[in-house]
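The values are calculated or read from the model by the stated rules, or taken from the named source; none is laboratory data. Everything numeric here is computed off the predicted structure, so don't read it as measured data. Because the Cβ atoms are built from the backbone with ideal geometry, glycine has one as well, and the counts that use them run over all protein chains shown.
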């Protein structure tokens, strides 16, 4: 082997040795469980005994006999339909407000960003106190203006709506990405629009929003994936699926089948259906990007 090839092979070996801890962890805790779950989805498996092959029985039961499957899927879809567009609108609006060049704006950007880095479990516990019907701050504020607040997490319509409103709490994470997108818009586009006599509203419509579409597209894809995996807040704040199963999200049902009933084969089938649904939806969004996403140049 030529000396140059030997040196290159030695460099590659050193590189693989450096990343080997990550590779081992990825193969052991991500890739292998991912592949293993395909097999388990065709079995009856309760951790204690060996998996028993049942073919398509899990999928057949899911699609034809399990009412909770469709109910939890509808709760998740409904959440995605409302929360994802709401998060995009709120994130863009907040980024536009925080893009104004005034003194001390960096402080406000930090304040709005901080909630997005607070652990989700801690945030959920705080909101449980805030939404407490008897001693919660939200109902106390409503009482000051003469409004009797509802039992937010204990009544059917309000439990789901509370989780929707809570989704806006972490909008600061996407706001930072939108801010970066705003900073990347060429100034000469605004100058040209000004020379053409465009108002602020027209600049927003014909310059800002079209140039922001790649960032909006990214957050849309990530929002869809996140919405269909929504779990922690529902598990902490409404652990049993809420009143009348109004917050019984798909991931919460999957968790219960796996760890409450130890039905790992059934849960694996549920996980793969979720995976396929997310892949299909993401693919559809990618198919539409040519019609509305505008890249510079």
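Side notes on the structure shown:
- Against the test of being surrounded by 14 or more Cβ atoms within 10 Å (Cβ to Cβ), at pLDDT 90 or above and assigned by TED's automatic domain parsing to the domain that holds residue 242, the options 179, 114 yield a single qualifying residue, 179.
- Among the conditions (1) part of a helix (DSSP H, G or I); (2) in contact (Cβ under 8 Å) with a residue 24 or more places away in the chain; (3) surrounded by 12 or more Cβ atoms within 10 Å (Cβ to Cβ), residue 39 misses just one, which is (2).
- Boolean, residue 99 is more than 22 Å from the chain's Cα centre (by Cα) and either closer than 25 Å to residue 178 by Cβ or surrounded by 13 or more Cβ atoms within 10 Å (Cβ to Cβ) (or both): yes
- Condition check for residue 82: surrounded by fewer than 17 Cβ atoms within 10 Å (Cβ to Cβ) and either in the same structural domain as residue 224 (by TED's automatic domain parsing) or more than 15 Å from residue 272 (Cβ to Cβ) (or both): yes
- Restricting 219, 161, 240 to residues that are outside any helix (DSSP H, G or I), assigned by TED's automatic domain parsing to the domain that holds residue 128 and out of contact with any strand residue (DSSP E or B) (no Cβ under 7 Å at 6 or more places or on another chain) narrows the list to 240.
- Selection status of residue 248, part of a loop (DSSP other than H, G, I, E, B), at pLDDT 95 or above and in contact with a helix residue (DSSP H, G or I) (Cβ under 7 Å, 6 or more places away or on another chain): yes
Every residue, every condition in (1) within 17 Å of residue 209 (Cα to Cα); (2) out of contact with any strand residue (DSSP E or B) (no Cβ under 9 Å at 6 or more places or on another chain); (3) touching a residue at least 12 places away in the same chain (Cβ under 8 Å), yes or no:
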{"position": "56", "(1), (2), (3)": "no, yes, yes"}
{"position": "59", "(1), (2), (3)": "no, yes, yes"}
{"position": "65", "(1), (2), (3)": "no, yes, no"}
{"position": "70", "(1), (2), (3)": "no, yes, no"}
{"position": "79", "(1), (2), (3)": "no, yes, yes"}
{"position": "84", "(1), (2), (3)": "no, yes, yes"}
{"position": "98", "(1), (2), (3)": "yes, yes, yes"}
{"position": "101", "(1), (2), (3)": "no, yes, no"}
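- Members of the range 50-67 that are out of contact with any helix residue (DSSP H, G or I) (no Cβ under 6 Å at 6 or more places or on another chain) and in a helix (DSSP H, G or I): 57, 60, 61, 63, 64, 67
- The range 113-152: number of residues that are in a loop (DSSP other than H, G, I, E, B) and more than 21 Å from the chain's Cα centre (by Cα): 14
- Residue within the range 143-152 that is surrounded by 13 or more Cβ atoms within 10 Å (Cβ to Cβ) and under 22 Å from residue 250 (Cα atoms) present: yes
- Count of residues meeting criterion [within 30 Å of residue 51 (Cα to Cα) and assigned to a helix (DSSP H, G or I)] in the range 261-297: 17
- Tally of residues being closer than 16 Å to residue 276 by Cα and surrounded by 15 or more Cβ atoms within 10 Å (Cβ to Cβ) across the range 43-71: 4
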